[in-house]
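Take a look at the structure set out below.
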Amino acid sequence: MGDNQNEIGGIWMNNQEIVAQAVFEVVKENLTLPEVERLLEKPKSVDHGDVAFPAFALAKVFRKAPQQIAAELAEKINPDAFEKIEVVGPYLNFFMKKEVISSMVLKQIAKEASQFGNSNIGNEGNVTIDMSSPNIAKPISMGHLRSTVIGNSISLILSKIGYQPIKINHLGDWGTQFGKLIVAYKKWGSEEKVKAEPINELLRLYVEFHEKAEEEPELNDEARAWFKKLEEDDEEALELWKWFRSESLKEFNKIYSMLEVEFDSYNGEAFYNDKMDEVVTMLEEKHLLQTSEGAEIVNLDKYDLNPALIKKSDGATLYITRDLSAALFRKREYNFVKSLYVVGNEQSGHFKQLKAVLKEMDFDWSDEMVHVPFGLITKDGKKLSTRKGKIVLLEEVLNEAKDLAFKQIEEKNPDLPNKEEVAHQVGVGAVIFHDLKNDRLNNFDFNLEEVVRFEGETGPYVQYTHARAMSILEKAAFTVDPEAVYALNDADSWEIIKLLQSYPEIVMQAADQYEPSVIAKHSIRVAQAFNKYYAHTKVLVDDEEKDARLALVHAVTVILKEDLRLLGVHAPNKM
Ligand code: ARG
């Protein structure tokens, strides 16, 4: 966090660093600063202070009983930043001075506002994020929604710490299903219907094809023939394919615009049609291809994986062939430092194979490819199914969420001027938040009423808390002053201060684990701590602490808003 200033020694530090510095001053001869830092522990219970130093680490050097060392150190350490330093057996327990820390934290947030927690760790390195990636002519599933919002949040978190995210929508826009669709469209479809409701109509045609093909298997041969034409650039086939693709994309874009997610590239599977020969040739040259029952495979026994099927016996390429080609393309095009794939857990075998094949090809950068998996969204504990038309249409879900939010706003705040806009931010935000608040690998149940509630651990709850805090600041006509001293020392504000102070580490943790839930959980804890504080404290009473309390309220608004922003959720000022 570099050159940030505060009252303690002139640089911003977290409690660990403050304690480390204080201990280091008195053990300089024996330990380095990083050594001291590594030794520090976080006590299990707050009764044992904020940070602990185990003095037995020095027993050998000082040739004394750890208890005695602890007692002697406690005498020598500069006490300025501490309420007390307790000696408990061989431990030194440090209790931070609340006034000092609160002022340091509040001033820092006053100064940096939403930049608090920013860093340049990423050094502007490119990180490609393969995300969303729905299949043309099919509805966006809840799984694609998860990929979209998780990927988007990861991109926001990574750019906060100095990476350059590149969001890639690897559309499923190629494959034998297009042969089937063309047959079905030519036999039973109409242009008007597709134009009116592209996804529904294309899905209907697809389902109809499968139903009819059970009785008339010849249809499958026709479909294969049309797909072959498509692969051979037949004009009519290509025309239809392009049209299906653009109509589908229009539908997808409605959802993306509701979610406010944008992509840097829509290069889907079809983009690699003319780029796969290169990969196949490379595999041949490296003697990695084997023929097995007429198909071309890469044996991956030594990775304990199934062989990767690169080419079918009829010469057709596969999903993984496209992904190999895409990986190569991304390395060349973006020279990524990391390449993420935000794709459901059920594809983890595929991504293990993908990395293994590239590793066999001696591409060391394959080590920087990371599958970021996630669990399923369920309904009453059961997997949602996209087959046979039994689908949840995402656009409808989002619109329903908006309506539910609108109703609640009508009740709570009927005079709010921009109700529509706020209902959108709350309803859509609620769906996003619900998706991101659980560890991404967990499966979770989706019940819209729960999701849009204003109480409990929901997006609207965090947004509502933010709006409430904003209205306090407005009422007080308060402007925060980065040069003032904002000392607080009560227990409730201390809970908040600690959560605010940990923010830079929270952001780092979320980034390291590609885990937006770390941010969502932080926002819930801040909101809860703030509501508890507000219930117990008369913030607006005129006394000498009033400004400090308002600075705390201000810091809460800044951090809640930033937490929500990192999740891809708005924080309306009023709701
Ligand atoms: N279209 C695929 C699906 O819906 C997801 C693609 C994921 N990305 C990738 N590079 N394989 O299952």
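The values are calculated or read from the model by the stated rules, or taken from the named source; none is laboratory data. All figures in this text were calculated on a predicted structure; none of them were measured in a lab. When we count neighbours, we look across all protein chains shown, and the Cβ atoms used for this are built from the backbone with ideal geometry, even at glycine. All accessible areas refer to the heavy atoms of the entire protein, side chains included, with ligands and DNA or RNA removed. Shrake-Rupley method; radii C 1.70, N 1.55, O 1.52, S 1.80 Å.
Kindly list, by first and then second residue, each pair from a residue in region 356-376 that is within 15 Å of Ser325 (Cα to Cα) to a residue that is in a strand (DSSP E or B), limited to pairs with Cβ atoms under 7 Å and residues at least 6 apart or on different chains.
Between residues of region 356-376 that are within 15 Å of Ser325 (Cα to Cα) and residues that are in a strand (DSSP E or B), the close pairs are Val357/Val298; Val357/Ala308; Glu360/Val298; Met369/Ser339.
Can you pull out the residues in region 299-323 that are touching a Phe, Trp or Tyr at 6+ places or on another chain (Cβ under 9 Å) and open to solvent by less than 30 Å² (accessible area, probe 1.4 Å)?
Result: Ala316, Thr321, Arg322, Asp323.
Please determine whether any residue of region 209-219 is under 40 Å from the mean Cα position of the chain (by Cα) and crowded, with 16+ Cβ neighbours inside 10 Å.
Yes, because at least one residue in region 209-219 is under 40 Å from the mean Cα position of the chain (by Cα) and crowded, with 16+ Cβ neighbours inside 10 Å.
Taking helices (runs of 4 or more DSSP H) that do not extend beyond region 1-120, which have at least 3 residues that are under 18 Å from Pro482 (Cα atoms)?
Fully inside region 1-120 and qualifying: 98-112.
In region 442-462, what residues are at pLDDT below 90 and assigned to a loop (DSSP other than H, G, I, E, B)?
Within region 442-462, Asn443, Phe446, Asn447 meet the criteria.
Scan region 304-337 for residues that are touching a strand residue (DSSP E or B) at 6+ places or on another chain (Cβ under 8 Å) and assigned to a loop (DSSP other than H, G, I, E, B) and jot them down.
Across region 304-337, the qualifying residues are Pro307, Lys312, Ser313, Leu318, Asn335, Phe336, Val337.
Could you tell me which residue of region 407-427 is nearest to Ser248 (Cα to Cα), considering only residues that are over 24 Å from the mean Cα position of the chain (by Cα) and open to solvent by less than 60 Å² (accessible area, probe 1.4 Å)? Break it down into steps so the answer makes sense when it comes.
First pass over region 407-427, keeping only residues over 24 Å from the mean Cα position of the chain (by Cα): 407-421.
Adding the requirement that they be open to solvent by less than 60 Å² (accessible area, probe 1.4 Å) leaves 408-409, 413, 416, 419.
Numbers: Gln408: 33, Ile409: 34, Asn413: 38, Leu416: 36, Lys419: 31 Å.
Checking each candidate, the answer is Lys419.
Which residue out of Val526, Val558, Val541, Val480 is at pLDDT 95 or above, under 25 Å from Lys574 (Cβ atoms) and surrounded by fewer than 18 Cβ atoms within 10 Å (Cβ to Cβ)? Break it down stepwise before answering.
On the way: Val526 fails: surrounded by fewer than 18 Cβ atoms within 10 Å (Cβ to Cβ); Val558 fails: surrounded by fewer than 18 Cβ atoms within 10 Å (Cβ to Cβ); Val480 fails: surrounded by fewer than 18 Cβ atoms within 10 Å (Cβ to Cβ).
Testing whether each residue is at pLDDT 95 or above, under 25 Å from Lys574 (Cβ atoms) and surrounded by fewer than 18 Cβ atoms within 10 Å (Cβ to Cβ) leaves just Val541.
Which of (1) more than 14 Å from Gly117 (Cβ to Cβ); (2) within 24 Å of the chain's Cα centre (by Cα); (3) not basic (Lys, Arg) is the odd one out, the single condition His522 does not satisfy?
(1)
Quick test of your reading of the structure: Gln509 fulfils all but one of (1) polar (S, T, N, Q); (2) modelled with pLDDT of 95 or more; (3) open to solvent by less than 60 Å² (accessible area, probe 1.4 Å). Name the failing condition by number.
Among (1) polar (S, T, N, Q); (2) modelled with pLDDT of 95 or more; (3) open to solvent by less than 60 Å² (accessible area, probe 1.4 Å), Gln509 violates only (3).
For Glu247, are the conditions met, namely being open to solvent by less than 20 Å² (accessible area, probe 1.4 Å) and outside any strand (DSSP E or B)?
yes
Every residue in region 277-286 that is within 19 Å of Trp365 (Cβ to Cβ) and open to solvent by less than 70 Å² (accessible area, probe 1.4 Å), please.
Val279, Met282, Leu283
Being farther than 30 Å from Phe444 by Cα, open to solvent by 30 Å² or more (accessible area, probe 1.4 Å), more than 14 Å from the ligand (Cβ to nearest atom) and modelled with pLDDT of 95 or more: is that true of Leu289 here?
yes
Assess whether Val558 counts as being closer than 24 Å to Glu505 by Cα and part of a helix (DSSP H, G or I).
yes
So Lys379 clears everything in (1) at negative phi; (2) at pLDDT 95 or above; (3) not aromatic (Phe, Trp, Tyr) except one condition, right? Which one?
(2)
Could you tell me whether region 308-322 includes any residue that is modelled with pLDDT of 95 or more, charged (D, E, K, R), within 16 Å of the ligand (Cβ to nearest atom) and within 19 Å of Ser366 (Cα to Cα)?
Among the residues of region 308-322, at least one is modelled with pLDDT of 95 or more, charged (D, E, K, R), within 16 Å of the ligand (Cβ to nearest atom) and within 19 Å of Ser366 (Cα to Cα), which makes the answer yes.
Matching residues to (1) away from the ligand (no atom under 14 Å from the Cβ); (2) among the small types (Gly, Ala, Ser):
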site	(1), (2)
Arg332	yes, no
Gly349	no, yes
Ala356	yes, yes
Lys359	yes, no
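Being modelled with pLDDT of 95 or more, in a helix (DSSP H, G or I) and surrounded by 21 or more Cβ atoms within 10 Å (Cβ to Cβ): is that true of Ile472 here?
So Ile472 fails the test.
Take Arg330 and tell me if it is within 25 Å of Asn152 (Cβ to Cβ), open to solvent by less than 50 Å² (accessible area, probe 1.4 Å), at pLDDT 95 or above and in contact with a Ser or Thr (Cβ under 7 Å, 6 or more places away or on another chain).
In short, yes.
Is at least one residue of region 129-145 modelled with pLDDT under 95, more than 30 Å from Asn220 (Cβ to Cβ) and within 16 Å of the ligand (Cβ to nearest atom)?
Scanning region 129-145 turns up at least one residue that is modelled with pLDDT under 95, more than 30 Å from Asn220 (Cβ to Cβ) and within 16 Å of the ligand (Cβ to nearest atom).
Exactly one condition in (1) assigned to a strand (DSSP E or B); (2) open to solvent by 60 Å² or more (accessible area, probe 1.4 Å) is false for Glu296; which is it?
(2)
For region 14-39, give me the residue count where each residue is free of Cβ contacts under 8 Å to residues at least 40 places away in the same chain, within 30 Å of the chain's Cα centre (by Cα) and buried (at least 17 other Cβ atoms within 10 Å of the Cβ).
Total satisfying the criteria: 2.
Conditions tested, residue by residue: (1) acidic (Asp, Glu); (2) within 28 Å of Ala401 (Cα to Cα); (3) modelled with pLDDT under 95.
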residue: Ile168; (1), (2), (3): no, yes, no
residue: Gln177; (1), (2), (3): no, no, yes
residue: Val183; (1), (2), (3): no, no, no
residue: Val194; (1), (2), (3): no, yes, yes
residue: Glu208; (1), (2), (3): yes, no, yes
residue: Arg224; (1), (2), (3): no, no, yes
residue: Glu232; (1), (2), (3): yes, no, yes
residue: Asp274; (1), (2), (3): yes, no, yes
residue: Glu278; (1), (2), (3): yes, no, no
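Against the conditions (1) under 24 Å from the mean Cα position of the chain (by Cα); (2) free of Cβ contacts under 8 Å to residues at least 24 places away in the same chain, where does Asp323 fall short? Just the number, please.
Among (1) under 24 Å from the mean Cα position of the chain (by Cα); (2) free of Cβ contacts under 8 Å to residues at least 24 places away in the same chain, Asp323 violates only (2).
Out of (1) in contact with a Gly (Cβ under 9 Å, 6 or more places away or on another chain); (2) within 30 Å of Glu124 (Cα to Cα), the odd one out for Ser313 is which?
Single failed check for Ser313: (2).
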